[in-house]
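What follows is a single structure, written as structure tokens, with notes after it.
The values are calculated or read from the model by the stated rules, or taken from the named source; none is laboratory data. Computed from a prediction, not measured in an experiment: that's the story for all the values here. Glycine gets a Cβ as well: all are built from the backbone with ideal geometry, and neighbour counts include every protein chain shown.
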Amino acid sequence: MRQGKVPVADKNDPYIVHVYNAEQLEAAAKMGTVRYIAVHAGKDGAPVSAAAAKTPSTLLLEPGLTVTGITDVGVNVYNGTTATGISGHGSADVYSGGTATGITGGTVNVGNGGTATGITGGMINVYNGGTATGITGGTINVYNGGTATGVTEGRVNVQSGGKVQVPADIVLKDIHGSIFFNGDDEATSTLVIYLPPFGDAELLRG
């Protein structure tokens, strides 16, 4: 376990540094040559405020860690890691057992077994076994094996291989079976779903 305020250089990659506490993270965030910051649990546990640092670098999380406040930083979320409070210009790549929650902005890519929940805003790309749930806003792109469930508001683009589920109690009107909306027209609706009239994209109810 590493102490002190100086980030630890990676032995094999000059573009990666390792941090074990908030002080090291703050120092790493100011290192312009660092492409990735590997965040580890220190003596005080996980530096959960890690993502609050404004840095052009991408955070790599030790398995099992949770980071909060993803406002202006990118983070890779996988292997049991969790990212919460994604907003602003924050971004997350969520896959292989990772979870992102409380998404109000930013860009979130969900694939390969990743899960995103509590989406009220932002740009969400769901694909290749990824799942997004509890969607009440934002722009959602679902394709190639991605699934979006519990969609009540937002703009949803469903492409080949994508599935979107809307609760049965939401009344949807449609235009030629390819544009679905919950209001009087597409422009004023709070939920709009674009579904291609060809391919294997699906709109599920219930």
Q) Since Asp93 meets every condition but one in (1) modelled with pLDDT of 85 or more; (2) surrounded by fewer than 21 Cβ atoms within 10 Å (Cβ to Cβ), which condition does it not meet? A) (2)
Q.
I'd like the residue in the stretch 106-142 that is surrounded by 19 or more Cβ atoms within 10 Å (Cβ to Cβ) and outside any strand (DSSP E or B) and, out of all such residues, is farthest from the chain's Cα centre (by Cα).
A. Tyr127
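Tell me whether the stretch 166-173 contains one or more residues that are more than 23 Å from Pro197 (Cβ to Cβ), assigned by TED's automatic domain parsing to the domain that holds Pro196 and modelled with pLDDT of 95 or more.
Checking the stretch 166-173: at least one residue is more than 23 Å from Pro197 (Cβ to Cβ), assigned by TED's automatic domain parsing to the domain that holds Pro196 and modelled with pLDDT of 95 or more.
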Q. Of the residues that make up the stretch 146-165, is at least one closer than 19 Å to Asn76 by Cα, buried (at least 16 other Cβ atoms within 10 Å of the Cβ), touching a strand residue (DSSP E or B) at 6+ places or on another chain (Cβ under 7 Å) and not hydrophobic (A, V, I, L, M, F, W, C)?
A. yes
Q. Mind checking which residues of the stretch 174-196 are of a type in the set (D, E, K, R) and outside any strand (DSSP E or B)?
A. Asp184, Asp185, Glu186
(Q) Based on this model, can you work out whether Asp44 counts as surrounded by fewer than 16 Cβ atoms within 10 Å (Cβ to Cβ), at pLDDT 90 or above, over 20 Å from Thr133 (Cβ atoms) and of a type outside the set (Phe, Trp, Tyr)? (A) no
**Q.** Condition met for Ala148 (closer than 15 Å to Val192 by Cα and either among the hydrophobic types (A, V, I, L, M, F, W, C) or in a loop (DSSP other than H, G, I, E, B) (or both))
**A.** yes
